[in-house]
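S.K.: Structure below; questions to follow.
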Amino acid sequence: MRDHSRSMVSRRSILRAAGLGAAATAGLGLSGALPSSAAAATTASQLSRVDAAFIRRGLVHCAWVPQANDNRWQPSPQRFKDSGFTTPTFYDPPLWDTALLAGLPGYTWAAAKGPAGYHLSPGTPPDLSAPVLSADQRTRADDLITMCFGDEDPYNQQQLDWLVQLTAKLRQEAPRALMHTNQYAGQWNDAQLKNYMAVVKPDLLTFDEYNFSMRSNHVGGSVTGLYNNTARYRWLAMGGNDQTFTSPIAFGQYTMGFCSGDAPSQEGGRYIVSESEQSLVSYVTWALGGKWLNLFRWEKDAHPTSLLVHKDANSTPTVQAQRYATLNQRMKAFSPYLTRLHSKQAFIALGRNPGGYNSQPWLDVFSPSLDPGTRLSAIAAANAGGANDGLPGDVVVGTFRPIPNMSAQESAGLFTDPDTPVFMVVNALAVPNTDKTDEHATGGSLTDTAQNVTLTFDLSDGSVRPDQLRMLNAATNQVTTPALTSLGNGRYSLRKYMGGGTGELFWWQLG
């Protein structure tokens, strides 16, 4: 991994409109396949609590919602259903809202700044003698999907001691819930995260960083910081709490629900993310194996920070709210497939900018040898929308294999061969709108940033036929058999039109 140093943006800094310094990261091979020692490891015949939770509940896109009061707006149950978000996340005491959840039967819920709605600090130590869940929360303990203890709290030994005890209590009171903490990107270095994982044994790693603002400049439409942070957490999660790469845990990140200023840390500014920027965070997370997203945040109606609602009598949804609803619908289609997969590889085909190729992030540049099972021999992109001066943008690819030793019921008949090669291809070209302050502006739409991505496959060894390729059409939730073009000598190509920041899921149907 290259030695990079870059400015990180924390949610706490957003709340107090202050900037953050650069974060140190250790040198990990973030993008590679599993170490050879893991390939020969014997996988337990029973699903981990993490894999079981996401297979049971699906991919999640939570959303921070406030406690209802006179100064802040909260979605009605119907508005929340219409949004496609899966999980209201409570972060103010008492981390519960009876009326909202009563209108969301069967929905999961989550909590941040647990167990009581405060940061974990010497000034507000948790009451370790009390239950983690309140009486109200216990009424729907089975629907609690994630509990984040504290939020963006500094690393220290006292916190680890608290977390060990809180985690044990949570697993007794809500056995199906997943425990995690959350840091802004780079807040804890790799050594600290690994020690936390070894001591506390979380189920999930999460981070927040917001990449877009009035002054952000992603040369060539390449959002390098997003790639790097997602790759870093992917690799740590793949290593598992013991870092042996035999028992991976889950990971995910926050999505952007506010208008920023000159820097992403300035909540309450005028910057409105474009459609390609908005889509890219979700798709990069999914392609690299993440299964958890959480929107920060679905508020406030009392001042112009919300990306989701207008400050009017009806709290009318914005264009961006409608786009999140579409993204969440796509997530619902991907969910049965991605929740039954473990990440194997992640790589990039670099796009161009007027000065040459885009800078390489902490991802390997595509080579057929990175995952031969995909049969990919070449990846090429041609600009179809005109953004980025008509130059091609990045293409990010994540590859997967089915979770080992799923029962027939757990696999749901989706991946009947444990060696099924699966891969998600993302058109990662994302640029801002021409008018960065207008929700209806163009320039960074899916159409403006569209690319024709050509995938070339080498099937010359005869192990698979061209009619065995499958693709999930997430818009229709239908599995199709794409028609490949023969290039001769066992080579075939497929050209797919993809909007900026979006992707497609493919696999070879073996057998």
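The values are calculated or read from the model by the stated rules, or taken from the named source; none is laboratory data. The model shown is predicted, which means the values in this text are computed figures rather than measured ones. Here the Cβ is made from the backbone with ideal geometry for all residues, glycine too, and neighbour counts use every protein chain on show. Surface accessibility is based on the protein's heavy atoms, side chains included, excluding ligands, DNA and RNA. Shrake-Rupley method; radii C 1.70, N 1.55, O 1.52, S 1.80 Å.
S.K.: For the range 212-251, taking Cα atoms only, what is the radius of gyration to one decimal and the Dmax to the nearest whole Å?
M.R.: 14.4, 43
S.K.: Okay, next question. Could you sort the peptides 372-384, 106-118, 473-485 by per-residue average Cβ neighbour count (10 Å cutoff), highest mean leading?
M.R.: Those peptides, ordered most packed to least, come out 106-118, 372-384, 473-485.
S.K.: Compute the whole-percent fraction of alpha carbon pairs in the range 328-485 spaced more than 19 Å apart.
M.R.: Distances greater than 19 Å cover 63 percent of the Cα pairs.
S.K.: Let a ≥ b ≥ c be the square roots of the eigenvalues of the Cα gyration tensor of the range 456-511; is it rounded (a/c under 1.5), or, if not, prolate (a/b larger than b/c) or oblate?
M.R.: Oblate, because a/c is 1.5 or more while a/b does not exceed b/c.
S.K.: Probe of 1.4 angstrom, ligands and nucleic acids ignored: what's the accessible area per residue over the chain, in square angstrom?
M.R.: Averaged over the residues of the chain, the accessible area is 37 Å².
S.K.: Using only alpha carbon positions, build the gyration tensor of the chain, then give the equivalent ellipsoid semi-axes as the square roots of 5 times its eigenvalues, largest first, whole angstrom.
M.R.: Equivalent ellipsoid of the chain: 34, 28, 22 Å, largest first.
S.K.: Could I ask something else about it? Ignoring ligands, DNA and RNA, what percent of the 1.4 Å accessible area of the range 395-458 is carbon and sulfur?
M.R.: Summing carbon and sulfur atoms, their accessible area is 47 percent of the total for the range 395-458.
S.K.: Further question on the same structure: Taking the Cα centroid of the range 303-330 and of the range 394-437, what is the distance between the two, rounded to the nearest whole Å?
M.R.: 27 Å
S.K.: Then there is this: From the phi angles alone, apply the Karplus equation (6.51, -1.76, 1.60; θ = phi - 60°) to the range 321-337 and give each ³J(HN,Hα) in whole Hz, x where the residue is Gly or Pro.
M.R.: Here the 3J(HN,Hα) series is 5, 5, 5, 5, 4, 5, 4, 5, 5, 4, 4, 4, 5, 5, 3, x, 7 Hz.
S.K.: Any chance you could tell me what percent of the C-alpha pair distances in the range 128-242 go past 18 Å?
M.R.: 56 percent
S.K.: Using a 1.4 Å probe on the protein chains only, how many percent of the accessible area of the range 50-176 belongs to carbon and sulfur?
M.R.: 52 percent
S.K.: Over the Cα atoms of the range 271-372, Rg to Rh with Kirkwood Rh, two decimal places?
M.R.: Ratio value, two decimals: 1.07.
S.K.: Mean residue ellipticity at 222 nm from the helices of the chain, using -39,500 (n - 2.57) per DSSP H segment of n ≥ 4 over the full residue count, to the nearest 500 deg cm²/dmol?
M.R.: -6500 deg cm²/dmol
S.K.: Here's something else I'd like to know. Can you tell me, using C-alpha contacts under 8 Å and at least 6 residues apart, the relative contact order of the range 144-265 as a whole percent?
M.R.: Relative contact order for the range 144-265 comes out at 25 percent.
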